[in-house]
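Here is the structure we will look at.
The values are calculated or read from the model by the stated rules, or taken from the named source; none is laboratory data. This structure is a prediction, so every number in the text was calculated from the model and none was measured. Cβ sites come from the backbone with ideal geometry, for glycine too, and all protein chains shown count toward neighbours. For accessibility, only protein heavy atoms count, side chains too; no ligands or nucleic acids. Shrake-Rupley method; radii C 1.70, N 1.55, O 1.52, S 1.80 Å.
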Amino acid sequence: MDSDSGEQSEGEPGTAAGPDVFSSKNLALQAQKKILSKIASKTVANMLIDDTSSEIFDELYKVTKEHIHNKKEAHKIMKDLIKVAIKIGILYRNNQFSPEEVVIVEKFRKKLNQTAMTIVSFYEVEYTFDRNVLSKLLHECKDLVHELVQRHLTPRTHGRINHVFNHFADVEFLSTLYSLDGDCRPNLKKICEGINKLIDEKVL
């Protein structure tokens, strides 16, 4: 499931839409097609990242690119995020988790919900933002994901998990994201609107 052959050509400049086009939806489709070619299961065909999550991912890409000033690396971080999300979704939908792992799934759901509500609260209530609190929550999410996929996925995927969470849990990145006078405020607003929608729809 972790073969990366042929990935070098993805995201390269030269498309009609221009080199700076980023779409979580397209990346999810690409990753899904790759995985689908290796797993003969019709239920996997239903595994798409929903529109609201795609919008959140697109905003995360923009702020990541703004923070690290490296479009290629920002693209790689989001690609890793989408791949990990889809692989976990495939495992879950195909009932691959043991009863013990299902307990971890529920722990992760609760931790993710707590993290999501904290992200929104820090945005909506002025002067409450604490980067260390948010960083700690994200690292706790990372540990649960590692525990969940321990017997299912390869070291390469564990590397992707670290790559994603270590970036988003970085206190400097979080400070850039929540800066009151920074350029990321409109992105944060859209991210929080998306998270609120996912919470209302009981996705998170």
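Odds and ends about this structure:
- Separation between Cα centres of segment 140-200 and segment 67-123, rounded to whole Å: 8
- Cβ-derived FRET efficiency at R0 30 Å, His163 paired with Glu124, nearest 0.05: 0.55
- Kirkwood hydrodynamic radius computed over segment 55-103 comes to 12.4 Å, based on all pairs of distinct alpha carbons.
- Accessible surface ranking for Lys65, Lys142, Lys110, 1.4 angstrom probe, highest first: Lys110, Lys65, Lys142.
- Think of a 1.4 Å ball rolled over the protein heavy atoms: segment 47-199 then has 50 Å² of accessible area per residue.
- For the pair Ser23 and Val103, the difference between a 0.36 nm per residue extended length and the Cα-Cα distance amounts to 25.5 nm.
- Evaluated at q = 0.09, 0.12 Å⁻¹, a Debye calculation over the C-alpha positions of segment 42-182 (equal weights, vacuum) places log10 I(q)/I(0) at -0.29, -0.52.
- Loop-located chymotrypsin sites (Phe, Trp or Tyr not before Pro) across segment 112-176 with a Cβ neighbour count of 11 or fewer within 10 Å are Tyr127, with loop assigned by DSSP.
- If R0 is 45 Å, the Cβ-Cβ spacing of Gln150 and Asp200 corresponds to a FRET efficiency of close to 0.85.
- Over the C-alpha trace of segment 147-186, radius of gyration and Dmax come out as 14.7, 45 angstrom.
- Computed on the Cα atoms alone, the convex hull of segment 116-197 gives a volume of 97 cubic angstrom per residue.
- Here the contact order of segment 76-204, divided by its residue count and restricted to Cα pairs under 8 Å and six or more residues apart, works out to 32 percent.
- Glu172-Met117 FRET efficiency (beta carbon distance; Förster radius 22 Å; 0.05 resolution): 0.45
- Taking each of Lys71/Lys197; Lys79/Lys111; Lys25/Lys136; Lys110/Lys197; Lys62/Lys83; Lys62/Lys107 in turn, the alpha-carbon distance tops 25 angstrom for Lys71/Lys197; Lys25/Lys136; Lys62/Lys107.
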